[in-house]
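Contents: one structure, followed by commentary.
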Amino acid sequence: MKKDYHRETKLMHAGRNPDDYFGVVNPPICRTSTILYKDMAAYFDPNTKFRYGRIGNPLSHAFEEAVSELEGGYNAITAPSGFCAISTTFFAFLKAGDHVLIVDSCYPPTRFFANKQLRDFGVEVEFYDPMIGADIKNLIRGNTALIYLESPSSATFEVQDVPAIVKVAKECGVITIMDNTYSAGVLFRPLEHGINISVQSAAKYIGGHSDVNLGFVVADNATNYKILKSCAVNLGVCAAAEDLYLAMRGLRTLEMRLEHAGRNMLPILEWFKTRPEVQELYSPVLETSRGHDIWKRDFSGANGIFSVLFNPKYSMDDIARFVDALELFPVGSSWGGYESLVQPQDMKEYRDNWDKDGVFIRFQIGNENTKDLIADLEQSIGDLTC
């Protein structure tokens with residue numbers, strides 16, 4: 001958009017041009033593989049906009065334009081899942097013999113992919129502490145090609161000092177990539193802080209209804225975008241039409257849903273603070289959280305997820321009894337939808353140096369009335385204390 005409107009206004013209009021579709025408000029679902037050319041000249045014309053559905057279509061173009069606006073980047077690619085967006089980005093910027101630094105508190109599938117596929121392809125993988133900040137310079141080698149960040153971190157929500165890491169990376173000529181799914185492009189914009197590539201799962205707050213599998217990657221400039229796009233085309237990475245449509249629709253209400261989620265989460269977090277069954281709570285809003293001061297400095301708010309480490313005197317069977325008695329918190333992976341969820345996390349498998357005992361559970365707070373959610377927790381935790 002040409003005018004410097006506020007972000008919430010831009011989200012209402014990004015990626016849409018009703019004149020292209022006879023006045024239709026939203027870009028319609030575009031199910032296509034074959035795209036026809038009007039003549040041979042058009043086929044050979046390098047400026048022809050769409051050539052084949054796998055490479056791009058009007059709806060994918062509209063969504064990529066919208067999320068580029070959201071993240072403040074040059075252009076974007078879309079993928080059939082958030083993790084596919086992550087793996088495509090690694091493949092685009094790494095080759096055999098390279099060294100990559102990955103935050104130790106990353107999304108677990110990122111760790112599994114790095115330890116298996118990247119190592120198998122000859123990439124040297126090293127995990128670093130999320131609070132390393134400018135000291136990451138001590139880990140950079142002559143073959144370091146990439147630093148991968150995720151902030152706040154998965155499960156434990158440490159907030160990284162992105163500007164400090166970026167400064168070192170730029171001095172050393174190292175590309176930076178950040179998983180920005182927590183903020184959804186609203187609470188934090190990595191490219192404004194010098195990150196080269198921002199990755200998100202649109203299955204979370206952008207989709208917003210637990211019915212989308214979609215990821216995207218936004219590049220900071222034309223050069224990095226061309227690298228990404230070329231890799232995506234060569235890997236056959238493309239997104240489904242229905243998922244693109246639902247995510248585009250989700251963008252229109254993203255900011256208000258994210259604000260509501262953060263507000264809805266706070267009373268539940270306060271309730272857990274009073275519970276003797278709890279050993280530790282994890283959320284960037286807590287003063288005890290690693291990187292809380294950085295979160296206050298760099299972020300505009302929090303979303304609706306946090307984690308609980310229960311007292312080690314409670315076994316997994318004890319916690320399972322508590323969780324199974326809940327009526328409004330089903331067990332489920334993912335987050336960012338309208339419904340509340342719980343998910344156990346195996347931290348000793350997910351982290352290099354996790355030395356704490358106790359069952360670890362991540363909570364996603366949905367749009368239910370918080371009084372009802374607290375009442376449900378109250379009735380269920382009684383089974384735990386018996």
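Since every read-out is calculated from the coordinates, none of them should be taken as a lab result. The structure displayed is predicted, hence computed values, not measured ones. When we count neighbours, we look across all protein chains shown, and the Cβ atoms used for this are built from the backbone with ideal geometry, even at glycine.
What to note about this one:
- Amide H contacts of Y74 (H built 1.01 Å from N, under 5 Å, at least 5 apart or other chain): A219, D220, N221
- For the range 7-250, lysine pairs with C-alpha atoms less than 23 angstrom apart, excluding pairs fewer than eight positions apart on the same chain, total 13.
- Charge dipole (the chain, unit charges on Cβ, about Cα centre) - positive-most of Y52, V103, T288: Y52
- Global geometry of the range 255-385, whether rounded, prolate or oblate, following the gyration tensor of its Cα atoms and the 1.5 cut on a/c: oblate
- Calculated [θ] (222 nm, deg cm²/dmol) that DSSP helices of n ≥ 4 give over the chain, each run adding -39,500 (n - 2.57): -11000 deg cm²/dmol
- Distribution of pairwise C-alpha distances over the range 180-237, 5 Å bins, in %: 4, 18, 23, 21, 19, 12, 2
- Cβ-placed point charges (K, R +1; D, E -1), dipole of the chain about Cα centre in debye, nearest 20: 1220 debye
- Computed over the alpha carbons of the chain, Rg followed by Dmax gives 21.6, 78 Å.
- Net charge dipole size for the range 255-385 [Lys, Arg +1 and Asp, Glu -1 on Cβ; Debye, nearest 20]: 360 debye
- Beta bridges per DSSP with both ends in the range 255-385, % antiparallel, nearest 5: 95 percent
- For the chain, the longest site-free run once trypsin sites (Lys or Arg not before Pro) in DSSP loop states with at most 16 other Cβ atoms within 10 Å are removed: 142-312
- Take every Cα pair under 8 Å whose residues are at least 6 apart in sequence, average their separation, divide by the length of the range 255-385, and the relative contact order is 29 percent.
- Alpha carbon centroid spacing (whole Å) that separates the range 283-337 from the range 212-251: 30 Å
- Simple rule: put +1 on each Lys or Arg Cβ and -1 on each Asp or Glu Cβ in the range 255-385, find the dipole, and look at V331, L258, I319; the Cα lying farthest toward the positive end is L258.
- The chain: antiparallel DSSP beta bridges as a percent of all, rounded to 5: 55 percent
- Rounded tilt (10° steps) of 162-172 against the dominant C-alpha axis of the chain: 50 degrees
- Cβ-based charge dipole, the chain, positive-most Cα from N17, T89, Y37: Y37
- Overall, the range 123-237 carries a charge dipole of about 400 debye about its Cα centre when +1 sits on the Cβ of Lys and Arg and -1 on the Cβ of Asp and Glu, all other atoms neutral.
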